[in-house]
Structure formats: structure tokens, C-alpha cells
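The values are calculated or read from the model by the stated rules, or taken from the named source; none is laboratory data. From a predicted model like this one, the values you see are computed outputs, not experimental measurements. Heads up, the Cβs are rebuilt from the backbone with ideal geometry, glycines too, and the neighbour counts pull from every protein chain shown.
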Amino acid sequence: MNAFKALGLEENFLKAIEDMGFTTPSPVQEKTIPILLNEETDLVSLAQTGTGKTAAFGFPMLQKINIDSKTTQGLILSPTRELCLQITNELKNYGKYCKGLNVVAVYGGASITDQARNIKKGAQIIVATPGRMKDMIGRRMIDISKIEYCVLDEADEMLNMGFYEDITEILSHSPKDKSTWLFSATMPKEVATIAKKFMHTPVEITIGGKNIGASTVTHEYYLVNARDRYQALKRLADANPSIFSVVFCRTKRDTQKVAELLIEDGYNAAALHGDLSQNQRDLVMKSFRTRQIQMLVATDVAARGIDVDDITHVINYQLPDEIETYTHRSGRTGRAGKTGVSMVIVSKSEQRKIHAIEKKIQKKFIKKEIPSGMEICEVQLFHLANKIKDTEINHDIDPYLPSINEVLQDFSKEELIKKVFSVEFSRFYNYYKNAKDLNAAVGDTSEGSKDSVRYFINIGGRDDFDWMSLKDFLRDLLQLGKDDVYKVDVKDNFSFFNTDTKHQDLVLTVFNDFKLDGRRVSVEISKDTGRGKRGGRDRGRRRGDFSKKSGGKYQGDKPKFKGKSRRKNDRPTSGTGGRRRRRN
Ligand code: ADP
Ligand code: MG
């Protein structure tokens, strides 16, 4: 308690702190509170999520405002409705012994007139999401011309979600001489830019390392013919069985159409766009949060409010018109220090946009190839093997076991494994066995028919490899030149790579009896021969472009889905009726 007193907080706040059971200030509170209490200054405070930033700005704001006045003196902008409500509740708790305090939350999806009425009663502090706030200022329901303190909470997230313009617009209605306090978990360039734009020589406080999580997104693009776009999307999903993704389309119509096609084809998908009612949107978001939905197909506007961590992939089904929008899209993944992949499906005519985006985001894209049918079959097979390995036995089946055993008694363990896997494998195999290469040829054809072999190797992300480190590892081990191992594709439990055919014997010999940390590492020639002739020259040319920091680690198996897969059993064949014809 004394520790909070030492920061300069007054008695009625110390009492509230005692009620809440806080005993010692967190580091960000310890550093921030005295500065904000004692100085009229702008401030940038960087600390990870969950470190107590709300109290770090909440107590100083409450202590500094005049509660006897009904004028709005403090504004807190925060990215989502949930956070907005959370902060409002916290502030009410902190100020429970301040008589006459009125903190009002302002956010979308609820009655604007109710919110306006609450503000009219005299709100000293408003906690708002930028969209609704801008709306209400425009309708003259809120007056922020006299605010003294403005907090930009979770600034990185607000920018990720595309609120830059709204924030600028809102702040243009506030006085120049207020103090602005910016709180953020990370300090990407965009945050530094708004700090510069809206603040005067701010005090800077950093708890822990700067920039954590700022470069955790890998950007990939896939070149296909425009008519193959949807098939390409399906393959990307099938090649990543544990995908938890947002798929961006340009229009509401496309969003609806793609979601419908995916559902028809047996994927856990849903659409999110402005033609849905708030209620429908809430339902979709709830299913997404609980992972009932693995692929959320959304428009940019509708996706603004998505605050879901652990999104493994953002898929740009179509590129946005504005380059700026791409940043917001890719920012949906790689949150909270996790890694993520932003994939772009492009047709040849859009390819130049990739370069424009690279310039904007100051990062290189990796050109990747749409996986072949056989590669997907292999991925699915090993996904199943691992799923079986990780499945907890449900003992409710015990009573049925004797009869089940009776049915299966004539089969050996080997036969049973073959049968179990055939159930799953056959449906992918039957669907994909004659699937064509979806990759559009790139302009130049300096290919030189290099014969290439693709290998499967049973090490991957779980062994701490990403494609670069695995490539280095293989080159070292095989004593090959720098471009001799290519198309390295690391999955969680296994990987693929290519060499020219002339190195095939070497590879197989070296891995004939090879152990890594005591585990046998095996290499097999991948059935996936369809793509061999494409050589891997793109990889070769691109190597080195890829920033070491961003790692490129495959995320496939990361999230553990609680809900069981609700894909239709016959998924890969279910779409063949209408769709196959179009594809072939
Ligand atoms: P951040 O905004 O940095 O993500 P929050 O302000 O939401 O973090 O705080 C996270 C949690 O920690 C909240 O439940 C809050 O009540 C609690 N908390 C904040 N400060 C303290 C403290 N000094 N002692 C104990 N718990 C605290
Ligand atoms: Mg916070």
C-alpha cells in the first residue's frame, strides 16, 4: 500500500487499490504514475499486454481531473468494444470513492442515443472506440474541445485495425495544449509516426525490450491464373490442416460467395460483412473466437473489429485497392509476439502490386508455389498421424470395445493402420490425384530443363527449423553448394526440399543412417513429382532477401482446436459436382 502512496496517489485511490487487492505497483505503473502526476507532459509508454497499463494512466487521469466539474476532461481511445468496456469498468473501480465521477463508454454496435444521453449527464471521462467516437463528434453528441488528457491505448492495435484516419479526425476536435499519453505493446514504425505527429517531445518509457512482435509476420505470394483463384485458396487451406485464418475479399458479394463455396466444400467457414445484422456478426465472431470457424471470410471494413489472437494465416484472396489496407490485413496475424503468415493470391496482372506493397511495408515477399495435390495428400496424412498420436482416449467407448474388436478381429495392427489411414487418405487422394498445377508460369522461361527431385524429411518446425535453417543444415551436411538445396518447405513435423537429380544418390546415402539428437532422421523421395521441373529458380534468386529476424517459421500445427473438426466427411469429393468442371 505504501508503495502506491509513494507514487503520489491520494487516499481515496489507495483505498480503492486496497479493495482491489493490488499490493505492489507493476513496473510500468511505478515508472509512469509519478511522471504523469507531477508533470504536464506527453508520454509514450511501451509495455507488454497484461502489465497493468490501464492503472498506469487511469489513476493519474482520475487524480488530475476536476470531479466537481461536469466538463469532459479526459478521452481514452481504445481499439475494440471489449477493451473499451474493460477500461471503463477498471476506471469506475479505481474511482469508486470519488463522488460524482461519471465515466462513459462509447463504442459501436450499441444504442448511440443511450450513449449520448449518458454523456449529456456530464462525463468527466469518455472511453471510446475510434469509429463510434468520430461518428458522435460528427453528430455533435460529444464535445472534446476542453479535454486536458488524451490516452491512445493499444496504439499499435488501433493502427493495425486501420483507425489512423479516425484518430486524426477525432484529435482535430481537441485542444492543442492537452497532454497526450500513448500506450502500446510494440513500437512499429506507424506508432512512432503518430507519436511524432500528435505529441511534443514525449517522455518515453519502455518496460522490457522494444519492438517485440513487430516483425513476426511472413509475407508470401502465390501466382495463379485468375480463374484458379478459388482452387488455389482451397489448396492453401488443405496444405495447412490446422489453419485459423481470415480470408480477405474486396467486395461483400465476393466475401459471401467465397464463404458459401467453402462451406459447400465442407470447410469450417463463414462470411463477415456489412450486410449482416449486428446480431449475426456477433454470432459469427463468437464461433470464430471459439474456433468453430477456421476460415473467416471478411471484407476490410467488417474485419476492423477483429481482436482475435493466434490467427495463423491471413489470406488475401484478392489484393485491396489501397496499399495501406494490406498493412491492416496482415496485422490481424502475428499478434502478441506470435508468428503469422500473410498470403496473397495474385494473378499476373496484379503482380506489380506486390512490389508496391514491398516498398510500403519495407519487407520482401517470398514467392511460393501452390502445393501440388500429392503434397497436400502427404501433409494430410501426417497431420492425421499426429492427430491420432495426440488424441486422448475417450473411455466412454470402453463398453463398445468388445463388439468393435469383434468386427475388426481378423486384422493385424499393420492392416488396421493401413485401413484407418486409407479412410482419410483416399478422399484427398481421389480428389487430388489428377489435380493440375495451379501455378501460373512467370514471364521469363530461362528454365533450362534441370531435373529435380523432391524429398520428404521427418524433421521440421518442432525441431526448431525454419526453411532457412533447414536449408543451411542440409547444405552443410551434404556439402553442397549454396543453391543446390532449394524449395525447402518446413511444416511442423516434417519438411520437403529439392535437389537436382544428380545429387539424389548422395542425399539418400547420407540419410540412410542418420541421427539427430538420437532420433533417426529419414528422407524419402516425395511422390510429388509434378512440380519438379519448375526447378526452384525463384527460391534461388530470392534467398537472402528474407529478413533473418522474421524467421519464417511454419505455424501449421500451433493452435489446438478444441471443437472437433466439422468438415464433412466427403469434403474433397463433395465439391466436385459443380466445381470440378470449372476447374478442369
Ligand atoms: P495491460 O493494459 O497492460 O494489458 P491491464 O491494465 O489490463 O494490462 O492489467 C492486467 C490485469 O492486471 C488487470 O486484471 C488488472 O486489474 C491487474 N493489475 C493491474 N495492476 C496491478 C497491480 N499493481 N497488482 C495486481 N494486479 C494488477
Ligand atoms: Mg491495456
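A few remarks follow.
- Of residues in the stretch 110-138 being of a type in the set (A, V, I, L, M) and not in a helix (DSSP H, G or I), the one modelled with the lowest pLDDT: ALA110
- Some residue of the stretch 367-376 being closer than 30 Å to ALA185 by Cβ, crowded, with 20+ Cβ neighbours inside 10 Å and among the hydrophobic types (A, V, I, L, M, F, W, C): no
- Any hit, the stretch 207-226, residues being within 16 Å of ligand 1 (Cβ to nearest atom), out of contact with any Asp or Glu (no Cβ under 6 Å at 6 or more places or on another chain) and among the charged types (D, E, K, R): yes
- Filter pass, PHE473 being surrounded by fewer than 21 Cβ atoms within 10 Å (Cβ to Cβ), farther than 20 Å from ALA385 by Cβ and within 32 Å of the chain's Cα centre (by Cα): yes
- GLN380 being buried (at least 18 other Cβ atoms within 10 Å of the Cβ) and among the polar types (S, T, N, Q): yes
- Only one entry in THR88, THR180 is in contact with a strand residue (DSSP E or B) (Cβ under 6 Å, 6 or more places away or on another chain), within 30 Å of THR201 (Cβ to Cβ) and at pLDDT 95 or above, namely THR180.
- Flag for ILE393 being assigned to a helix (DSSP H, G or I), aliphatic (A, V, I, L, M), over 30 Å from PRO188 (Cβ atoms) and outside the structural domain of GLU190 (by TED's automatic domain parsing): no
- For the stretch 396-435, the candidate set comprises residues that are part of a helix (DSSP H, G or I) and among the basic types (Lys, Arg); within that set, the residue that is nearest to PHE456 (Cα to Cα) is LYS418.
- Unique residue being within 16 Å of ligand 2 (Cβ to nearest atom), over 21 Å from VAL191 (Cα atoms) and outside any loop (DSSP other than H, G, I, E, B) when the list is PHE59, PHE13: PHE59
- Residue list for the stretch 40-56, filter: part of a loop (DSSP other than H, G, I, E, B) and more than 9 Å from ligand 1 (Cβ to nearest atom): GLU40, THR41, ASP42
- Filter pass, ASN386 being of a type in the set (S, T, N, Q), at negative phi and assigned to a loop (DSSP other than H, G, I, E, B): no
- Candidates in the stretch 34-56 are the residues that are within 15 Å of ligand 2 (Cβ to nearest atom) and of a type in the set (Val, Ile, Thr); of these, the one that is nearest to LYS197 (Cα to Cα) is VAL44.
- Any chance THR54 is surrounded by 15 or more Cβ atoms within 10 Å (Cβ to Cβ) and β-branched (Val, Ile, Thr): yes
- Residues being in a helix (DSSP H, G or I) and within 16 Å of ligand 2 (Cβ to nearest atom) - total across the stretch 160-178: 1
- Taken as a whole, the structure places LEU152 among residues that are at pLDDT 95 or above and buried (at least 23 other Cβ atoms within 10 Å of the Cβ).
- Residues that are in contact with a Ser or Thr (Cβ under 8 Å, 6 or more places away or on another chain) and within 24 Å of TYR432 (Cα to Cα) were ranked within the stretch 493-531; the one that is surrounded by the most Cβ atoms within 10 Å (Cβ to Cβ) is ASN498.
- Some residue of the stretch 74-93 being free of Cβ contacts under 8 Å to residues at least 60 places away in the same chain and touching an Asp or Glu at 6+ places or on another chain (Cβ under 8 Å): no
- Identity of the residue in the stretch 124-159, touching a helix residue (DSSP H, G or I) at 6+ places or on another chain (Cβ under 6 Å) and hydroxyl-bearing (Ser, Thr, Tyr), that ends up farthest from ligand 2 (Cβ to nearest atom): TYR149
- Test: residue in the stretch 279-288 that is in the same structural domain as TYR221 (by TED's automatic domain parsing) and closer than 16 Å to VAL217 by Cβ: no
- Subset tally (residues that are among the β-branched types (Val, Ile, Thr), assigned to a strand (DSSP E or B) and within 16 Å of ligand 1 (Cβ to nearest atom)) for the stretch 74-109: 2
- Cβ-Cβ under 7 Å pairs, at least 6 apart or on other chains, the stretch 267-282 side of a type in the set (S, T, N, Q), far side not in a strand (DSSP E or B): ASN268/GLN292; ASN268/ILE293; ASN268/GLN294; ASN268/ARG566; ASN268/ARG567; GLN278/GLY109
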